[in-house]
Structure formats: C-alpha cells, structure tokens
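For reference, the structure is listed below as structure tokens.
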Amino acid sequence: MSNVIQLNAPSHRQSEGQRLTDMVGSFARHRRVQEDVFWLKENAELLNILECTGASLPGGALSVHEEFYASIEKRLAFFPQYYRFLLSICLDLEDLGMGGEIGARLVDWAARQGLAEAELSDLQRGEARRLMARRGVDPLPLDAGLDDRLRCFCARPATFALPNKKAAYELTHIVFYLSEYGRRDPDLADGTARALDYAGTLAFLEQNADLLAEICIAMRFAGLDPSPVWEDWLSREMRYFDVACGDMTATQDDYHEYLVVNWALATRGRPAFAAKTERGRMSFLNSGRHPGPLRDISETLLRMEDTRSADWARMRGRIVQGLNDDAHQVLMAAEAASDNFEGFFANFARAGAAD
C-alpha cells in the first residue's frame, strides 16, 4: 500500500528537523541499496544540498549513515572510480555534524593515487579540486589553468542559446564549483551572465523546472539576480509535487527535480523541504508537468528555412501565430523575463551572424 500526500503547503504538524530526518533516512535506507551507484548519486545530491544550504539536522539524523561512514575507506579502495561520490558523501556527513576525520584521510589517499589526473573532463577535474580543497589539498597543483578554462567555457553565450542540456548543466556546475557553492566570488568572465540568461530562457521555454532551478541557483552564486518570472514559476511548480510513501513506491521518479527546486527556494530565502514526510520509502512525483513551446518554436523556424530572420521584431508575429494560447503565454513570459531576449533569439534562430 502507498499513500499520496499533496505537497501544496507546509506541514504545520511536523518540525523541520523531523522532515529532514525522514528525507535523510529514506534516501539512505529505503530507496536503493548501497551497492547501487544510483544510491551514491542520490545520497550525494541530497547531502550536498543540505550542507550548502546550512541545514540544521537534529541529533541522530545522520545515524542511518554511521555504518556506511565507517566502511567508506574500504569502499573507496575497491571503487576508486566513484571517488567523487564517496568524497562528497563523506565530507558532507562530517560537515553536517557527524564529525570524524575520515574525510581528510580519503582526500589524501585519492590525491596520492592521482585519481583527479585520470579525469578526461575539465568539469570533473574542477569538481575533484573543489572537493579535495575542503580538506586543504589541491589534487592538480600543476594545472594552474584549469579554473580559467572553465571560465572560458562559461563566457561564450552562443553555446547556451541552442538546446543542449549537457552544456547547460555543465555551465551551472562550473559556477557551483568555482563559487564553492556560493561561499566566494567565482570571478566569472565577461559573457557568463548572458550565458546563464540564455540557458535560463531555453529552460523556461521548455518548462524544465529541474534545469531552470539549477540556473537560478548558479546565478545567485554568481552574484546575479534571476528573473522573478522564473523564480515565481518555480515556486508555483512545487504545488504539483506529490510524495508517495510505502514499500511499493517507484524510485524512477522526479526526486532530482524535487531536490533542486527546493534548493532554489532555499537559495532565494524561501522555506524549503516544507512538505509533510513519513519514515520509510518515499517517491517524488511532479503530477503537473507539461511541455513548453520550445519544440514548436524550433520546428517553426526549421520549416521557414531561408526565410527566417535573426530579428525578433520581424519574426515575433510569424512564430506566435503557430502557438496555442498556453504556449503563447509562456513565450511572452520568457520575453518579459529577459533583458537579452533579442540577442538570445538572434542566436537561437540560426539565420545569420549573431553574438
């Protein structure tokens, strides 16, 4: 049996500590087994969000992880390919209140083994550097140009005016790492603000709450103000989340979207993770998801071939006439949300030179 609880309003009968304890317990023991790499992913994400938002957990909330924490050195020795997950979980557990010094030993071991040097991606090297710096170690002391290469990737707005979720998520994570999750100025290059704006415009046109939440968080970590249109829409999206409790609930769910939208709320200074929880297995479902007009707009532009223009003022009427009322409203809201919409469209239309 499972029961569905509407997440439309905060629970006034539960303390914040109880809700967070239930969340930690559910992810630690009830959704997946520890041998599943997705267990590592889910728990690393939840604990990271709790740590970087300064969550205050009651005593005993982390006890569900004590056995895992005690065995984590052996796990790292056997599964070095998952070292970033394991480091993240260990360091967050310690910093959330578990205490201990295993994290420093893990960092030293991973650095001596050269695990960061085996990464092919600058993004992954950036994450490794950020993780190990938490215990005072630079795993890549000879790579003085890594941070500048990451900044260079972020500073090309045209990259983010075209649908490419991988690039957009990499953009947000680079800002996360360089800013130490909002703890310092990431010193981003010119063009990054516009890149984030373009990526957010695409996410909003797609009505992709998961990606848009990460973009709003990255903007705040970069010292920028996300559009109120975007953040208000994310707040409204929380009304459509349900949590199902019980042994038969599915784990192929919208947990990541639930986590990052709440993270965006917390970063904005709004109550987060306020919904009622239960002990045991929980599943997080967005029951109100509906596609935005992004695909329809793209297909309209493709059909225009050589007659399309990069000039939004000229193209606006031609595009709007092919949209239904809901899609039209989303497009108009996207236009109102951005001070750079004309520049975004000039790149998105792919009809000539743009910047």
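A compact table of results
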item: Only Lys, Arg (+1) and Asp, Glu (-1) charged, at Cβ; the range 14-143 dipole about Cα centre in debye; result: 140
item: Correct option for P(r) over Cα pairs in 10 Å bins from 0, in percent [calculated from the coordinates] among (1) 5, 23, 30, 25, 13, 4, 0; (2) 6, 27, 37, 25, 6, 0; (3) 5, 24, 34, 23, 10, 3, 0, 0; result: (1)
item: Net charge of Cβ neighbours under 14 Å - reference T307; Lys, Arg +1; Asp, Glu -1; result: +2
item: GNM result for the chain, Cα springs below 10 Å: residue of H290, H328, H173 fluctuating most strongly; result: H290
item: Principal-axis tilt of helix 325-337 within the chain, Cα atoms, nearest 10 degrees; result: 80
item: Acute angle (nearest 10 degrees) that the helix 122-133 long axis makes with the longest principal axis of the chain, alpha-carbon atoms; result: 40
item: Within the chain, longest stretch clear of exposed trypsin sites (Lys or Arg not before Pro) (DSSP loop, no more than 11 other Cβ within 10 Å); result: 185-355
item: DSSP loop GluC sites (Glu not before Pro) with at most 12 other Cβ within 10 Å: longest gap in the chain; result: 102-355
item: GNM flexibility winner over the chain from A313, A195, A209 (Cα, springs under 10 Å); result: A313
item: Inter-centroid distance (Cα atoms) of the range 290-325 relative to the range 77-154, Å; result: 44
item: Simple Cβ-charge dipole of the chain, Lys/Arg +1 and Asp/Glu -1, about Cα centre, in debye nearest 20; result: 340
item: Residue-averaged 222 nm ellipticity for the chain, from DSSP H runs of 4+ at -39500 (n - 2.57), nearest 500; result: -16500 deg cm²/dmol
item: Sequence-distant lysines (8 or more away, or on other chains) whose Cα lies within less than 30 Å of K165; result: K41
item: Principal-axis tilt of helix 294-304 within the chain, Cα atoms, nearest 10 degrees; result: 40
item: Distance (nanometres) between label positions extended 7 Å along Cα→Cβ at M304 and E342; result: 1.6
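Taken together, the values in this text are just the output of simple stated rules run on the coordinates, not laboratory data. These numbers were taken from a predicted model, which means no experiment stands behind them. Virtual Cβ from ideal backbone geometry, glycine too; neighbours counted across all protein chains shown.
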